[in-house]
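Since every read-out is calculated from the coordinates, none of them should be taken as a lab result. These figures come from a predicted structure and were not determined experimentally. Here the Cβ positions follow ideal geometry from the backbone for every residue, glycine too, while neighbour counts run over all protein chains shown.
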Amino acid sequence: MARRALALAVLALCAACSSEEHTTVVAADDACMRYGFTAATADYIRCQRQIAAARRATHVVVGVSEAQLVAESQAACDSYGILRGTAPFDRCVRDELAARRPG
């Protein structure tokens, strides 16, 4: 009986020692983190991919109305999965407007 208890204690200690720790490093100016996504989650990764795709597809065009720029910026933020009417959505729209404005 004592052997069995000792074996169980050793197994419990081994299980406690085998834990892993993962560290995720993100940039201080990470937009998806500012929008409320947690690093390394599926939503965060989707946000990062959508922002990269939007930046590749965005061309600054002189003569586009402010209303059109706002609409495009809001659509981009919607595609990142950020809820409208939240502070992260407003931050996102400001960032997207800055990326789309000429100059």
Neighbours of Arg34 by Cβ distance under 15 Å: Lys/Arg at +1, Asp/Glu at -1, summed charge -4
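Estimate the FRET efficiency between Thr38 and Val70 by the formula 1/(1 + (r/R0)^6), using the beta-carbon distance for r and 30 Å for R0, to the nearest 0.05. Don't skip to the end; give the middle numbers.
Working: r = 28 Å, r/R0 = 0.93.
Here the calculated transfer efficiency is 0.60.
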Sequence order, the range 92-100: Karplus ³J(HN,Hα) from phi using 6.51 cos²θ - 1.76 cosθ + 1.60, θ = phi - 60°, Hz rounded, Gly and Pro as x, gives 4, 4, 4, 5, 5, 4, 4, 6, 9
In whole Hz, the Karplus estimates of ³J(HN,Hα) for the range 68-75 (6.51, -1.76, 1.60; θ = phi - 60°; x where Gly or Pro) are 5, 4, 5, 4, 5, 5, 5, 5
